[in-house]
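> Below is the structure I would like to discuss, written out as structure tokens.
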Amino acid sequence: MLITSVVVETNTSAMKLMSLFLSCAVSSLVLGNNEKQISKKEYVEQWRSTAVQQMVQFKIPASITLAQAILESGSGNSELAKNGNNHFGIKCHDWTGQTMYIDDDKKGECFRVYVSADESYVDHSDFLKTKQRYSKLFALEQSDYKGWAKGLKEAGYATNPKYPELLIGIIEDLKLEELDKLGIQNNEVAPTLAENSKKETTIKSSAHQVLNHSNKVKYVVAKKGDTFYRIAQETGLALRQLYKYNDFDSKKDVLVEGDVVYIQPKRNRSKNKFIVLKEAMTVNEISQVEAISPKKIMKLNEISSEGQVLSKGEKVILR
């Protein structure tokens with residue numbers, strides 16, 4: 001009787017442990033399956049400025065860049081995008097950086113891995129610009145996204161015979177062609193490397209004065225018709241640095257007169273202990289005014305989003 005009792009008790013404990021294990025396993029699966037997926041529209045909001053920036057620099061339609069990224073990365077939700085920061089499905093040909101292997105057209109194919117998704121965007125532009133088989137695309141109008149979509153397939157970017165239709169469908173569904181107009185607008189006023197001496201003189205005479213913020217961060221003030229590209233060229237910065245140093249709204253693709261544009265990283269503290277808002281502002285707007293990192297503002301004030309609007313009269317801690 002005693003032995004039987006012990007066995008029953010032991011089996012009961014084992015069953016409880018097994019039940020607990022299964023419960024945890026199911027919970028993990030549910031949590032994994034419920035991981036928030038980025039929608040196409042959310043992806044566009046996040047990367048539209050980068051796509052326009054790449055268009056200005058490399059002459060690749062922003063609509064094509066975004067449509068390819070959405071299609072190739074599943075709007076940033078694919079394993080390759082999340083674990084390898086590769087948003088364009090670019091494989092390892094002529095690549096000396098980090099790699100990862102995923103089943104694609106064939107089993108265990110090698111793909112490039114990037115330090116950041118921004119680096120993936122730059123490499124995508126460079127990939128198209130430097131590979132001879134894509135050279136004909138750059139003779140097309142930058143507004144001709146249909147020609148680009150068909151040309152990418154003909155040049156061998158993808159094996160799917162419906163690749164052009166898929167890209168065009170994404171572009172027209174999300175109205176990404178509107179971003180091409182912004183890129184063309186920026187191109188029209190951006191200085192080119194082939195400017196003659198007369199134009200160079202004009203640009204130098206209208207050069208921006210570098211100012212020092214009270215928080216010891218250098219900046220320039222945008223003039224009428226200014227672009228991120230022009231300021232980057234003038235200051236010797238890469239476009240991605242200029243975007244990194246400034247915390248504009250995700251929809252801001254064009255500068256307006258009077259915008260403060262930082263040419264150095266913002267600081268993590270301010271000489272002011274706090275400010276009291278004279279008007280409602282987002283964390284990013286406060287960051288631009290006070291030259292302090294938005295992440296620091298969020299941490300000091302226990303705020304979860306850079307886009308959160310703080311009310312007029314609210315006290316914001318800065319150090």
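> Taking the simple approach of a point 7 Å from Cα along Cα-to-Cβ for both Glu279 and Asp173, what is their distance in nm?
Result for the modelled spin labels: 3.9 nm.
> Roughly what would the spin-label model give for Lys181 and Phe138, points 7 Å off Cα along C-beta, in nm?
So the two model labels end up 2.8 nm from each other.
> Could you tell me the relative contact order of region 39-92? Use alpha-carbon pairs under 8 Å, at least six residues apart, and round to a whole percent.
Result for region 39-92 is 27 percent.
> Over region 24-151, what is the mean sequence separation of C-alpha contacts under 8 Å (at least six apart), divided by residue count, expressed as relative contact order in percent?
The normalised contact order for region 24-151 reaches 21 percent.
> Same structure again: May I ask which of Lys175/Lys315; Lys36/Lys224; Lys216/Lys295 have a Cα-Cα span longer than 30 Å here? Walk me through the intermediate numbers first.
Numbers: Lys175/Lys315 40 Å; Lys36/Lys224 41 Å; Lys216/Lys295 18 Å.
Over 30 Å Cα-Cα: Lys175/Lys315; Lys36/Lys224.
> What is the packing order of peptides 89-95, 64-70, 123-129, taking the mean over residues of other C-beta atoms within 10 Å and listing the highest first?
64-70, 123-129, 89-95
> Compute the relative contact order of region 274-317 as a whole-number percentage, counting only Cα pairs closer than 8 Å that sit 6 or more residues apart in sequence.
Over region 274-317, the number comes to 59 percent.
> Separate question: Quick one: order Tyr101, Tyr163 by neighbouring beta-carbon count within 10 Å, fewest to most.
So the residues, fewest neighbours to most, are Tyr101, Tyr163.
> Please report, in debye to the nearest 20, how large the charge dipole of region 203-262 is about its Cα centre when each Lys and Arg carries +1 at its beta carbon and each Asp and Glu carries -1 there.
160 debye
> Under a crude label model (7 Å from the Cα following the beta-carbon direction), how far is Gln241 from Arg319 in nanometres?
Placing both labels 7 Å beyond Cα along the Cβ direction yields 2.6 nm.
> Still on this structure, I have one more. Multiply the residue gap between Ser304 and Cys110 by 0.36 nm, knock off their C-alpha separation, and tell me the result in nm, one decimal place.
Roughly 66.1 nm would be gained on extension.
> For a quick size check, give me the Cα extents of region 42-188 along its three principal axes, largest first, whole Å.
42, 29, 27
> Additional query: Please state the Cα pair-distance histogram of region 203-262 with 5 angstrom bins from zero: what percent is in each bin?
Calculated over all Cα pairs of region 203-262, the distribution is 4, 17, 32, 29, 14, 4, 0 percent.
Every number in this text was worked out from the coordinates using simple rules, so none of it is lab data. In this text the structure is predicted, and so the values were computed from the model without any measurement. FYI the Cβ positions are ideal-geometry reconstructions off the backbone, even for glycines, and counts take in every protein chain you see.
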